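Data first, discussion second: the structure below is written as structure tokens.
Nothing in this text is a laboratory measurement; each read-out follows from the coordinates by a stated rule. Predicted model only: the values in this text are computed from it and were never measured. Cβ coordinates were reconstructed from backbone atoms using ideal geometry, including for glycine residues, and neighbour counts include every protein chain displayed.
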Amino acid sequence: MDAWFVREVLAHEPALMRFLHRNWRDHDEVSDLRQEIYVRVYEAAARQLPDSPKSFLFATARNLLADRVRRQRIVSITAVGDLEQLNVLEDELDPDRWFSGREALARLARALDRLPDRCREVVWLRRVEDLPQKEIARRLGISEKTVEKHIAKGSRLMADHFHGGTGTGTPRNDRQGLRARIRKPT
């Protein structure tokens, strides 16, 4: 198992470190992140060796970073003390509103999940993390023009998903019709 790990996983350490430095703001944490990724990969491989170790390594890294981002954004209710300090209006706790909000959030997550990997990453950084295009381009090592194209593509695919499409793209022969519908609201 150790020889497999060295040969199939540790061989990708330089690429993993570049990925972590590009995608994690606090560069002091990169070594800890790398170690946690290695632990996760090693433990999973002990149960069953992955078919594609490099892909598994980077999928594990992406998942760990996503977990860390989610954890950083969670606010503990016990830290707030009571709901009045949250400035929550009473009608906002209505079960119907809560359920429809959850449904909308799940639909948005499905739309994001259907985007191509790099496009999803760019859309997330721009729309959720509110990073400027220049920072996204620097962080991902791509041009600002490419960032613009990914944002446009992601917006188009997500709109398609929300307006009855599959969210997997607009067929080339239907693009003219889509442009006409966008220009002429009904």
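Within segment 103-118, can you find the residues that are closer than 14 Å to R62 by Cβ, touching a helix residue (DSSP H, G or I) at 6+ places or on another chain (Cβ under 7 Å) and part of a helix (DSSP H, G or I)? Explain how you work it out, then say what you get.
Quick first cut of segment 103-118, residues closer than 14 Å to R62 by Cβ only: 112-113, 115-118.
Still in the list and also touching a helix residue (DSSP H, G or I) at 6+ places or on another chain (Cβ under 7 Å): 112, 115, 118.
Once the filter is applied, which keeps residues that are closer than 14 Å to R62 by Cβ, touching a helix residue (DSSP H, G or I) at 6+ places or on another chain (Cβ under 7 Å) and part of a helix (DSSP H, G or I), segment 103-118 yields L112, R118.
Is it fair to say A59 is closer than 21 Å to M1 by Cβ, free of Cβ contacts under 8 Å to residues at least 12 places away in the same chain and within 21 Å of the chain's Cα centre (by Cα)? Talk me through it step by step, then tell me what you get.
Details: closer than 21 Å to M1 by Cβ: yes; free of Cβ contacts under 8 Å to residues at least 12 places away in the same chain: yes; within 21 Å of the chain's Cα centre (by Cα): yes.
It is true that A59 is closer than 21 Å to M1 by Cβ, free of Cβ contacts under 8 Å to residues at least 12 places away in the same chain and within 21 Å of the chain's Cα centre (by Cα).
For segment 48-62, name all the residues that are surrounded by 11 or more Cβ atoms within 10 Å (Cβ to Cβ) and outside any helix (DSSP H, G or I).
The answer is L49, P50.
Report, ordered by the first and then the second residue, all pairs with beta carbons closer than 7 Å, sequence separation of six or more or different chains, a first member in segment 126-140 that is over 16 Å from V69 (Cβ atoms), and a second member that is surrounded by fewer than 17 Cβ atoms within 10 Å (Cβ to Cβ) and of a type in the set (G, A, S).
Listed by first residue and then by second, the contacts come to A137/S143.
Filter segment 2-47 for residues that are of a type in the set (F, W, Y) and in a helix (DSSP H, G or I); which is surrounded by the fewest Cβ atoms within 10 Å (Cβ to Cβ)? Full working, then the answer.
Going residue by residue through segment 2-47, those that are of a type in the set (F, W, Y) are 4-5, 19, 24, 38, 42.
Adding the requirement that they be in a helix (DSSP H, G or I) leaves 4-5, 19, 38, 42.
Values: W4: 12, F5: 16, F19: 20, Y38: 18, Y42: 14.
If we take residues in segment 2-47 being of a type in the set (F, W, Y) and in a helix (DSSP H, G or I), then W4 is surrounded by the fewest Cβ atoms within 10 Å (Cβ to Cβ).
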